[in-house]
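Enquirer: Take this structure, written in structure tokens, and hold onto it; I'll ask about it next.
The values are calculated or read from the model by the stated rules, or taken from the named source; none is laboratory data. Note that the coordinates shown come from a computational prediction; the quantities given were computed from them, not determined experimentally. Glycine gets a Cβ as well: all are built from the backbone with ideal geometry, and neighbour counts include every protein chain shown.
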Amino acid sequence: MFEKLKLAGQLGGMMKDLPKLRARVDEIKARLATTEVVAEVGGGAVRVRATCDLHITHVELAPSTLRGLASGSDADLQYANRLIAECVNAALDLARARLATELSSAAGEMDIPLSPELVKGMIG
């Protein structure tokens, strides 16, 4: 019974701090919208930049990758497509991880316990 009262008290405190938390989350999201992460695969064959609000800003193919595509081989094209998809996913994973770290850190600063599952749910 006392645990339920303690939990209710914590919930009430969180509700009181909700506007402050929401403002802090909005601040973090705005800052991270201009923060880029970079992923690279295939030994530099493909490099992708993404912002931490999950937008791809740049895809770069190494000259050797372009030369391989110029051959017209189906195998080379499939390999390049696979590398690009892998690199885009890696960049988005890096961006999500950075966002999750920032949100968890902000919650910790405000003494609001956020489980990793809740943070993951917040960023999709």
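Enquirer: Could you say whether any residue in the range 105-118 is modelled with pLDDT of 80 or more, surrounded by 12 or more Cβ atoms within 10 Å (Cβ to Cβ) and among the β-branched types (Val, Ile, Thr)?
Expert: No, every residue in the range 105-118 fails to be modelled with pLDDT of 80 or more, surrounded by 12 or more Cβ atoms within 10 Å (Cβ to Cβ) and among the β-branched types (Val, Ile, Thr).
Enquirer: OK, next. Restricting to the range 38-54, what's the tally of residues that are hydrophobic (A, V, I, L, M, F, W, C), surrounded by fewer than 17 Cβ atoms within 10 Å (Cβ to Cβ) and more than 16 Å from THR101 (Cβ to Cβ)?
Expert: Restricting attention to the range 38-54, the residues satisfying the condition of being hydrophobic (A, V, I, L, M, F, W, C) are 38-39, 41, 45-46, 48, 50, 52, 54.
Narrowing the set further to residues that are surrounded by fewer than 17 Cβ atoms within 10 Å (Cβ to Cβ) leaves 38, 54.
Adding the requirement that they be more than 16 Å from THR101 (Cβ to Cβ) leaves 38.
Of the residues in the range 38-54, 1 are hydrophobic (A, V, I, L, M, F, W, C), surrounded by fewer than 17 Cβ atoms within 10 Å (Cβ to Cβ) and more than 16 Å from THR101 (Cβ to Cβ).
Enquirer: Residues being more than 21 Å from VAL88 (Cβ to Cβ) and of a type in the set (Gly, Ala, Ser): count how many of those fall in the range 55-74.
Expert: The qualifying residues number 4.
Enquirer: Something else now. Residue pairs, Cβ under 7 Å, 6 or more apart or interchain, first in the range 83-103 and under 27 Å from LEU69 (Cβ atoms), second assigned to a helix (DSSP H, G or I). List them.
Expert: Partner pairs satisfying both residue conditions: LEU83/GLY42.
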